[in-house]
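The values are calculated or read from the model by the stated rules, or taken from the named source; none is laboratory data. This is a predicted model, so every value here is computed, not measured. Note: ideal-geometry Cβ built from the backbone for every residue, glycine included; neighbour counts use all protein chains shown. Surface areas here come from the heavy atoms of the whole protein model, side chains and all, with no ligands, DNA or RNA. Shrake-Rupley method; radii C 1.70, N 1.55, O 1.52, S 1.80 Å.
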Amino acid sequence: MTPHCPLGILDANTLEELARVIRGDEHLYYRKGYEIARFLEHAGWQRVPEYHGEYRREWALARLCIRTSVTRFRNAVEAADGLVDADGKVRADQSDLSSHCTWDEKPQRAKCEVLEQLGRGWHQIEDFYSHSNWTDRAAPGPIGLENPPGLGRTEVAPFLDMGRYSGMKDADWTRDARTLIPVGLTTGCYTDVDSTGVKPADCDGRVSHNRALNKDTAASARSKPDDNFRHATAGATAEITRQWNDFKADLLKTYPDHGRGAQMICALVHDDPAGACP
């Protein structure tokens, strides 16, 4: 949904690979709704109930996939260790992008693994701004299921602070996130049983995604009132800028010896790190 990229310092191939996994192009990890619980369990959730479209505070955490994004952040930091050797020299074989990465959750070049973990985590975080009422305003007229109230927030969501949460125990950050989700926050119920596994009747009496909240394009109905598309885009841009800066800071903190963290950052933003990074 974002028309420009906050990560302009990245070289072209690196940016392209990251964009492919963030946007979910080519059905890279398309999932139906009834597969969500199984997916979350695989990503680190425990005892995940099957999702039926309920609007519950607990499911807000699941739908936002905060736990998944925390796991992705940690995985990306760990995978970055393979980008450079013990002395801080970039490993050309692990940072080369002359061929496409394969987004299949299987071991591959270190740079591809880092980009995959970041991209999968950032995809759902960006979606939060286009698929929720966090940044938007309702259209003029009666408030209801087709025109839900908007929160009109301009700050990045405090409960998506992956940089801080990644260093906390799961129980602690989960408790913190629950206190930061405001009353009135909603995403939207999907009615497409073929792609979600949720029967249409399950969305009766609920805010719908496509008609009521979707701001994926400027042409979407919810994008037009109060310049909502621009607000959602600005929110997503600010959010990914935060996520990238927090990730860089974590690399510097985690890998201080021989400047390894700085070299990892250099390797991530250049297409030819072996030549670009001293």
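See the values below:
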read-out	value
Residue satisfying condition, being within 19 Å of the chain's Cα centre (by Cα) and not aromatic (F, W, Y), within set R175, R137, R153	R153
Members of segment 215-249 that are touching a residue at least 40 places away in the same chain (Cβ under 8 Å), surrounded by 18 or more Cβ atoms within 10 Å (Cβ to Cβ) and not in a helix (DSSP H, G or I)	K215
A274 being farther than 16 Å from A86 by Cα, of a type in the set (A, V, I, L, M, F, W, C) and part of a helix (DSSP H, G or I)	no
Count of residues meeting criterion [under 22 Å from I265 (Cβ atoms) and either surrounded by fewer than 20 Cβ atoms within 10 Å (Cβ to Cβ) or small (G, A, S) (or both)] in segment 84-99	11
Selection count where residues are small (G, A, S) and open to solvent by less than 20 Å² (accessible area, probe 1.4 Å), scope segment 123-149	2
Residue that is modelled with the highest pLDDT, among those in segment 154-194 that are surrounded by 12 or more Cβ atoms within 10 Å (Cβ to Cβ), part of a helix (DSSP H, G or I) and among the small types (G, A, S)	G163
Any pair with Cβ under 8 angstrom, 6 or more apart, that starts in segment 167-179 at a residue that is over 15 Å from R74 (Cβ atoms) and ends at one that is of a type in the set (D, E)	none
Test for T102: is it open to solvent by 30 Å² or more (accessible area, probe 1.4 Å), closer than 24 Å to V70 by Cα and in contact (Cβ under 8 Å) with a residue 40 or more places away in the chain	no
Test: residue in segment 69-91 that is outside any strand (DSSP E or B) and touching a Phe, Trp or Tyr at 6+ places or on another chain (Cβ under 6 Å)	yes
Breaking point among (1) in contact with a His (Cβ under 6 Å, 6 or more places away or on another chain); (2) at pLDDT 90 or above, for M264	(1)
Among the candidates R109, R120, residue that is open to solvent by less than 50 Å² (accessible area, probe 1.4 Å), within 30 Å of L151 (Cα to Cα) and basic (K, R)	R120
